[in-house]
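The values are calculated or read from the model by the stated rules, or taken from the named source; none is laboratory data. Only a predicted model underlies this, so the values are computations on that prediction, with no experimental measurement involved. Positions of Cβ are backbone-derived with ideal geometry, glycine not excepted, and every protein chain shown enters the neighbour counts. Accessible surface areas use protein heavy atoms only, side chains included; no ligands, DNA or RNA. Shrake-Rupley method; radii C 1.70, N 1.55, O 1.52, S 1.80 Å.
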Amino acid sequence: MAIQRTFSIIKPDATKRNLTGAINAKIEAAGLRIIAQKRIHMTKAQAGQFYAVHAARPFYDELCEFMASEPVVVQVLEGEDAIATYRGVMGATDPAEAAEGTIRKDFAISKGENSVHGSDAPETAAEEIAYFFAGLELVG
Ligand code: ADP
Ligand code: MG
């Protein structure tokens, strides 16, 4: 597998509880490099555009409210097989189903307030990175 990039968000439930460092420790321990990073506070409309793929789901409005409720940390991660590697570090969407040692097992509150986002495929990773970062912000 080649070196890949993926997009990560440390969600409001985690920034609010001062878990940014603990989450990034797990990311870095997995061999992923944080090559871009910033703390932002999204509007509900910005969160809605980011999660547009879920617009028809019953939890969409609640999800957008949540993502705009507190600051988040958006990051680009780089490394070997980064998309799958990071999904592995994150754990299952529902913390009740997440494996031991994963971010969601250790930190998530619920299926909605689950501490992190990670891209699910190369195409979505590229789109998500471009939504939040200019090329010059990917500093390595
Ligand atoms: P993942 O973040 O693991 O890729 P999805 O893409 O399926 O999961 O969902 C996006 C986000 O929507 C989840 O991380 C979670 O915050 C929220 N979500 C998903 N399913 C539910 C649900 N049943 N109830 C509330 N929120 C949900
Ligand atoms: Mg997803």
* Asked: Any residue in the stretch 54-73 that is aliphatic (A, V, I, L, M), open to solvent by 40 Å² or more (accessible area, probe 1.4 Å) and touching a residue at least 24 places away in the same chain (Cβ under 8 Å)?
  -> no
When every residue in the stretch 27-52 that is touching a residue at least 40 places away in the same chain (Cβ under 8 Å) and within 16 Å of ligand 1 (Cβ to nearest atom) is compared, the one least open to solvent (accessible area, probe 1.4 Å) is Ile27
Those residues of the stretch 99-118 that are away from ligand 2 (no atom under 16 Å from the Cβ) and crowded, with 20+ Cβ neighbours inside 10 Å come to a total of 1
With the structure loaded, tell me whether Ala125 is open to solvent by less than 60 Å² (accessible area, probe 1.4 Å) and in contact with a Phe, Trp or Tyr (Cβ under 6 Å, 6 or more places away or on another chain) or whether it fails that test.
yes
Subset of the stretch 80-98, residues within 23 Å of Ile40 (Cβ to Cβ) and open to solvent by less than 20 Å² (accessible area, probe 1.4 Å), comes to Ala82, Ile83, Tyr86, Met90
Can you find a residue that is more than 15 Å from Ile9 (Cα to Cα) and either in contact with a Phe, Trp or Tyr (Cβ under 9 Å, 6 or more places away or on another chain) or more than 13 Å from ligand 1 (Cβ to nearest atom) (or both) anywhere in the stretch 62-78? no
If you go through Arg39, Arg57, Arg87, the only one that is in contact with a Pro (Cβ under 6 Å, 6 or more places away or on another chain) and at pLDDT 95 or above is Arg39
| Of the residues that make up the stretch 56-75, is at least one among the basic types (Lys, Arg) and more than 13 Å from the chain's Cα centre (by Cα)? | yes
Condition set among the hydroxyl-bearing types (Ser, Thr, Tyr) and not in a helix (DSSP H, G or I), scope the stretch 1-21, selection surrounded by the fewest Cβ atoms within 10 Å (Cβ to Cβ): answer is Thr6
inquiry  = Being among the hydrophobic types (A, V, I, L, M, F, W, C) and within 13 Å of ligand 2 (Cβ to nearest atom): is that true of Met67 here?
reply    = yes
Here the residues within the stretch 37-68 that are farther than 20 Å from Thr20 by Cα and touching a Lys or Arg at 6+ places or on another chain (Cβ under 6 Å) are Cys64
Filtering the stretch 88-131 down to residues that are part of a helix (DSSP H, G or I), near ligand 1 (Cβ under 10 Å from one of its atoms) and within 22 Å of Lys38 (Cβ to Cβ) yields Met90, Thr124
